[in-house]
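Here, each number is a calculation from the coordinates, and none is a lab measurement. Just so it is clear, the model here is predicted, and its values are computed rather than measured. Here the Cβ positions follow ideal geometry from the backbone for every residue, glycine too, while neighbour counts run over all protein chains shown.
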Amino acid sequence: MELGQLGTIDTIIFAVYIVSVIAFGVWIANREKTNTASDYFLASRSLPWWAVGGSLIASNISAEQIIGMNGSGFELGLAIATYELMAAITLILVAKFFLPVFLKQEIYTMPQFLEERYDGTVRTIMSVFWIALFVFVNIATVLYLGALAIQTLLGVDLWIGIVGLVLYSASFSIFGGLKAVVWTDVVQVVVLMVGGTVAAYGILTVVGDGNFIVGIENLFNTLPDHFEMLFEPGDTYLDVANAHELSTGVTPDGVATTLQPGDQFKSSFQLLPGMALLLGGMWIVNSYYWGNNQYIIQRALAAKDLPEAQRGVAFAAFMKLFIPFFAVLPGIAAWYLLREQDPANLPITKADQAFPWVLANYVGVGFKGLTFAALVAAIGSSISSMVNSTSTIFTMDIYNKFIAPNATQGRQVRVGQISAAVALLIGAMVAPALANAGQVFQIIQEYTGFISPGVLTVFVFGMFYRRGTSQAALVVVLASVPLSWAFQQLMPDLPFLDRMAFIFLLSAALMIVVSALTAKSKQQQVAEQEKVAGYGEQQKRDLSGKLIKDIKLRNGLSIAVIGVGLATGIRLLLQPVPGVPELMAWIFVVLSVIVIALLYTDKTADDYKAIDLDPALFRTRMGFNIAAIAIILLLAFIYTFLA
């Protein structure tokens, strides 16, 4: 007997896995006491490096990666893997420069850092934003894409898949806290890697007529466009959903189409703008996600100590290099097998159906159940992580601050559990609304990009710019979305990664200028410092603003401006984008120069909440340094080989 497209044996394997993980998670939740906020939200700050690294990957690689990136691989090709490959370097930089600062501050949440560096208003605004983002975008998206795969393979309604995922994630994450989430993550990342590899191996063997290596060679030789890593402005791809709609003449809702011939072809460059994937906006995407994202950073905050956290992040960076093998190649292989079919008769009517189709048709009995278990493992891990982080922010940044500042540790844990359940329920109600979306992974990246340049600016300048004021941080945070929206309307042909680079430049300029306008005198700074009760010994210092300590920080910020803004301007001059005037490229260049000049000419007094950074804080151990060099060399080899 078969259920949908999943056979009896596969269904049994899948069911055994689900029951086993739930049982393991419940056992961890009952064995490990969660009496305090530190126990529940930060796993008692006791995680070893391999648990940190495994949990980072399990939390990161979810339905939007496996299903969404395979969908993008189906239409765009391997270039979408740049998100994974460049993330490896970003992880190394985060471990080297961000983690030491966060762990030094002993924070629970990212908004908490913003209050310690700026003020409570910035903290509250970002708390509300992140809760909304996690619930209405991240959790809802992962639930939808996971339920889509379950619908394809089990033949059940979408809502049944959503409810099943909610119950699965809730069974251990709500009551067990971060410890239960992380230790189930460790199990699930192993299943994810094995199951994903099995799926990739299965379809590549089909492509190679029984030979895995020949399958890879066939993809390279037959689909060279799908292995182009850096697109040119004129490159296009076939939008399968539009092609299907044009062929049938009706929309998915049965209404007559309004599309015109040619609408099935879209710009590849608009989504993945060439060198911007290496220098430019991609650094904004990755630095924000890996360096300022609560449900990612929370794992590192829960490590035993800084070296353990850095080893865990380096371990995750190595795993990121392998992920495109099963998160992109199966989608490319699906395109290979369907490339000559009439769009009206394709079994895949939108890109995000590519991986479920591969799983249903080209993975053998037994392995299909294992691979499906891997997919659910990824979905469950991400949902659990997002739910735990949402409850952490709500409890520590909203409840403790505004509702019950003197709440007991036990009360905080209960509030965390309740808020986690509420977040899951709201996400489940929103998830079905995503049913008409296209490449969901790309949609998430673009609209998260409305806020990420401003948020990244506030964090980076908060750590490394001693003169940044709370007023400047507030202006940058509030301006990020309207600036991004306005710029999208004014310059719709500019790729979204380039738009993010421009908003980052504007945010940096705003940060410096508004800080200079709102800076207080040294005497006022000292008076403010004396009024802050119990703020910590780090604040009791001489505010003379000696440049000798500051010059390296200015140099670092200038390198960031050059790598993001100036590099984008030069690239636009050398590689013009249709619809984008040359003036835009010069604006990038001039604005970058202005920001750098402002950095070096600003003579205002240090803000009294600026963080003192001891150079010893950023020294890393030999093992981490070797890992960092190895990752850089591997990436250089990959891009050289594909070029």
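Computed values, structure above
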read-out: Residues with amide H under 5 Å from that of PHE265, placed H, sequence gap 5 or more; value: ASP239
read-out: Label selected from [x] 78, 62, 51; [y] 82, 57, 49; [z] 110, 58, 46, the criterion being Cα extents along the principal axes in Å as computed here; value: [x]
read-out: Folded to 0 to 90 degrees: helix 329-338 orientation relative to the chain principal axis, Cα; value: 30
read-out: Per residue, the convex hull volume that the Cα atoms of segment 184-290 enclose (Å³); value: 208
read-out: Acute angle (nearest 10 degrees) that the helix 522-531 long axis makes with the longest principal axis of the chain, alpha-carbon atoms; value: 80
read-out: At R0 = 51 Å, FRET efficiency that the Cβ-Cβ distance of TYR600 and VAL194 yields, to 0.05; value: 0.45
read-out: Phi-based couplings in Hz for segment 215-230 (Karplus 6.51, -1.76, 1.60; Gly and Pro marked x); value: x, 5, 4, 4, 5, 4, 6, 8, 10, x, 5, 7, 10, 7, 8, 10
read-out: Residue-averaged 222 nm ellipticity for the chain, from DSSP H runs of 4+ at -39500 (n - 2.57), nearest 500; value: -22000 deg cm²/dmol
read-out: Label point distance in nm, PHE322-ARG31, each placed 7 Å from Cα along Cα→Cβ; value: 2.4
read-out: Karplus-derived HN-Hα couplings along segment 470-485 (A = 6.51, B = -1.76, C = 1.60, θ = phi - 60°), whole Hz, x at Gly and Pro; value: 5, 5, 5, 4, 5, 4, 5, 4, 6, 7, 4, 5, x, 5, 5, 5
read-out: Point-charge dipole on Cβ atoms (K/R +1, D/E -1) for the chain, about Cα centre, debye to 20; value: 2480
read-out: Percent RCO, i.e. relative contact order, over the chain, from Cα pairs under 8 Å lying at least 6 residues apart; value: 25
read-out: Full-extension gain in nm, ALA630 to LEU337, via 0.36 nm per residue minus C-alpha separation; value: 101.9 nm
read-out: In sequence order, calculated HN-Hα J values of segment 282-287 (Karplus, 6.51, -1.76, 1.60; Hz; x Gly/Pro); value: 4, 5, 5, 4, 6, 5
read-out: Cα→Cβ-extended label distance, 7 Å offset, between TRP485 and LEU517, nm; value: 2.2
read-out: Potential lengthening between ILE403 and ASP253 on full extension [0.36 nm per residue; Cα-Cα distance subtracted]; value: 49.4 nm
